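The values are calculated or read from the model by the stated rules, or taken from the named source; none is laboratory data. Keep in mind the model is a prediction, meaning the values are calculated, not measured. For neighbour counting, all protein chains shown are included, and Cβ atoms are generated from backbone atoms with ideal geometry for every residue, glycine included. The accessibility values were calculated without ligands, DNA or RNA, using every heavy atom of the protein model including side chains. Shrake-Rupley method; radii C 1.70, N 1.55, O 1.52, S 1.80 Å.
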Amino acid sequence: EVGEHTVQAICARTNFEPSEIAVEAFIVQAEPETPIFTTQPTDQTGEVCGSAEFSTQANATPDPTYQWFKDGEIMAGENEPSLELAILREDDAGNYTVVATNSAGSATSNTATLTVNDTGATCFDQPKQEQTISFEAPVLTGTVGMTLSLEATATSGLVVDFESTTADVCTVDGTIVSPLSGGTCTINALQLGNDEYEPAPIVTRSFAVEKRSQTINFSPQENAVMINTSVTMSATASSGLGITFESLTTSICTISGDVVTADAEGICTVLATQSGNDVYASAQAAQSFQVTSKQIQTISFPTPSGTDALEIGDTFEVAASSDSGLAVSLRTDTPAVCSLSGTTVTVLTNGTCTITASQAGDGTFETAPDVSQSFVIGSDPGAGTDITIYLPVITR
């Protein structure tokens, strides 16, 4: 029979004293039986701040353990045949089941639905739930003038708000951060809670904000100036901010404001600086030119007439002069297309004919920058004339 049993044994023989009694206990267990629910949970309707109870009972050998589920999710710590829900909330509404388990197997109860009606009641004695915030800093480094998006979630499911604690570096509007100046942008993520949830601990994240870059462009400058003369420097920054100038070769040239004075022969180098501000990073650029004791000369090489529709075999005259009064030499840079004899150009074949005028200078004048004229032969006669000026490099 099922139950606890005890067996006693004694040995007795003729001519011997009886032995001591031996006792042995053992248990006869029933064959395991899978749980069967004899009492099923039933649907319940409650009100906010009220209570609800689901009752069940399962017969099994050996006795089963119980685990309750809500909407298919385990309810931690709910391991009794009956489930009591005190101080109901709206989110307690759902479908409830319980699983009874023993060594023979398990059984799942019928599904019972809990409906919770909101009566507007406030459960002042109900402790609020805690919540936490997940907030990662933006992956990218911020740049002044470019916005970034913020993302954060609360375990309560409530909306997370953001605030900047470095308003001089960045501001926040909703989930959008606007970097204002270079530095470190620090953002707080907040969730202030409600009737059910406590305020979440504030989570703070910081990221670097870089200033915008800018460039400096010099206006074209003569490649050589005479000693004891002055030139005005001109440069602009892409930021639109002001430029300051300084001489990097004070033994050759000095500068006051934007006016450079050539003091000695050599290469004068001028540095343009834009020091930046809260928005723009600083920038620099340099420009150099030759300071010479010789006079500067330039070549005048006007476009000759009769070059609008040149054909093979045509000839035309070219003439160039220098303001120094020195003789100008002419050469053809495209001898396969056109030849030059004195000042007469002869067209040899279709293509582009280029004639260059040069003046090498003398003891008084520096070498003049070359001036070139180009003419289209045989195709696209209406393309016009190109003028190319070659600036010489003057060394001492």
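Any idea which residue in the stretch 74-116 is farthest from S51 (Cα to Cα), counting only those that are surrounded by fewer than 18 Cβ atoms within 10 Å (Cβ to Cβ) and hydroxyl-bearing (S, T, Y)?
Selected residue: S103.
Quick one: is V177 at pLDDT below 95, touching a strand residue (DSSP E or B) at 6+ places or on another chain (Cβ under 7 Å), open to solvent by less than 30 Å² (accessible area, probe 1.4 Å) and of a type in the set (A, V, I, L, M, F, W, C)? Before the answer, list the steps.
Values: at pLDDT below 95: yes; touching a strand residue (DSSP E or B) at 6+ places or on another chain (Cβ under 7 Å): yes; open to solvent by less than 30 Å² (accessible area, probe 1.4 Å): yes; of a type in the set (A, V, I, L, M, F, W, C): yes.
Spelling it out, V177 is indeed at pLDDT below 95, touching a strand residue (DSSP E or B) at 6+ places or on another chain (Cβ under 7 Å), open to solvent by less than 30 Å² (accessible area, probe 1.4 Å) and of a type in the set (A, V, I, L, M, F, W, C).
Is there a residue being open to solvent by 30 Å² or more (accessible area, probe 1.4 Å), under 21 Å from T34 (Cβ atoms) and within 48 Å of the chain's Cα centre (by Cα) anywhere in the stretch 61-72? Don't jump to the end; show me each part of the working.
Here is the first cut: in the stretch 61-72, the ones open to solvent by 30 Å² or more (accessible area, probe 1.4 Å) are 61-63, 65, 67, 69-72.
Pick out the ones that are also under 21 Å from T34 (Cβ atoms) and you get 61-63, 65, 67, 69.
Now restrict to residues that are within 48 Å of the chain's Cα centre (by Cα): 69.
For the stretch 61-72, residues open to solvent by 30 Å² or more (accessible area, probe 1.4 Å), under 21 Å from T34 (Cβ atoms) and within 48 Å of the chain's Cα centre (by Cα): present.
Suppose we filter T184, T166, T122 for residues that are of a type outside the set (A, V, I, L, M), outside any loop (DSSP other than H, G, I, E, B) and either farther than 30 Å from Q57 by Cβ or in contact with a helix residue (DSSP H, G or I) (Cβ under 6 Å, 6 or more places away or on another chain) (or both); which single one remains?
Details: T166 fails: outside any loop (DSSP other than H, G, I, E, B); T122 fails: outside any loop (DSSP other than H, G, I, E, B).
Checking each option against the conditions leaves just T184.
Every residue, every condition in (1) farther than 23 Å from L180 by Cα; (2) open to solvent by 60 Å² or more (accessible area, probe 1.4 Å), yes or no:
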residue: V203; (1), (2): no, no
residue: R212; (1), (2): no, yes
residue: P220; (1), (2): yes, yes
residue: A224; (1), (2): yes, no
residue: S230; (1), (2): yes, yes
residue: L241; (1), (2): no, no
residue: F245; (1), (2): yes, no
residue: L248; (1), (2): yes, yes
residue: S251; (1), (2): yes, yes
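So, in the stretch 367-378, how many residues would count as being open to solvent by 10 Å² or more (accessible area, probe 1.4 Å) and either assigned to a strand (DSSP E or B) or among the acidic types (D, E) (or both)? Can you show your working first?
Applying the first criterion (open to solvent by 10 Å² or more (accessible area, probe 1.4 Å)) to the stretch 367-378 yields 367, 369-371, 374, 376, 378.
With either assigned to a strand (DSSP E or B) or among the acidic types (D, E) (or both) added as a condition, the list becomes 370-371, 374, 376.
Here the count works out to 4.
Identify, by number, the condition in (1) in contact with a Pro (Cβ under 6 Å, 6 or more places away or on another chain); (2) crowded, with 16+ Cβ neighbours inside 10 Å that A309 doesn't meet.
(2)
Would you tally the residues in the stretch 117-139 being at pLDDT below 80, open to solvent by 80 Å² or more (accessible area, probe 1.4 Å) and in contact with a strand residue (DSSP E or B) (Cβ under 7 Å, 6 or more places away or on another chain)?
0
Yes or no: E196 under 30 Å from A152 (Cα atoms) and more than 31 Å from the chain's Cα centre (by Cα)?
On the way: under 30 Å from A152 (Cα atoms): yes; more than 31 Å from the chain's Cα centre (by Cα): yes.
Yes: the conditions hold for E196.
If I ask for residues that are hydrophobic (A, V, I, L, M, F, W, C), surrounded by fewer than 16 Cβ atoms within 10 Å (Cβ to Cβ) and part of a loop (DSSP other than H, G, I, E, B), which ones from the stretch 17-60 would you list? If you could, list the steps in order and put the result at the bottom.
In the first step, residues of the stretch 17-60 are kept if they are hydrophobic (A, V, I, L, M, F, W, C); the result is 21-23, 25-28, 30, 36-37, 48-49, 52, 54, 58, 60.
Among the residues that remain, those that are also surrounded by fewer than 16 Cβ atoms within 10 Å (Cβ to Cβ) are: 21-23, 25-28, 30, 36.
Residues satisfying the conditions are I21, A30.
Out of all the residues in the stretch 140-163, which are assigned to a loop (DSSP other than H, G, I, E, B), of a type in the set (G, A, S), open to solvent by 30 Å² or more (accessible area, probe 1.4 Å) and free of Cβ contacts under 8 Å to residues at least 60 places away in the same chain?
Quick first cut of the stretch 140-163, residues assigned to a loop (DSSP other than H, G, I, E, B) only: 140-141, 144-147, 150-151, 155-160.
Subset that is of a type in the set (G, A, S): 145, 156-157.
If we keep only those that are open to solvent by 30 Å² or more (accessible area, probe 1.4 Å) too, we end up with 145, 157.
Once the filter is applied, which keeps residues that are assigned to a loop (DSSP other than H, G, I, E, B), of a type in the set (G, A, S), open to solvent by 30 Å² or more (accessible area, probe 1.4 Å) and free of Cβ contacts under 8 Å to residues at least 60 places away in the same chain, the stretch 140-163 yields only G157.
Since G193 meets every condition but one in (1) open to solvent by less than 20 Å² (accessible area, probe 1.4 Å); (2) among the small types (G, A, S); (3) over 30 Å from K294 (Cα atoms), which condition does it not meet?
So G193 meets the others, but not (1).
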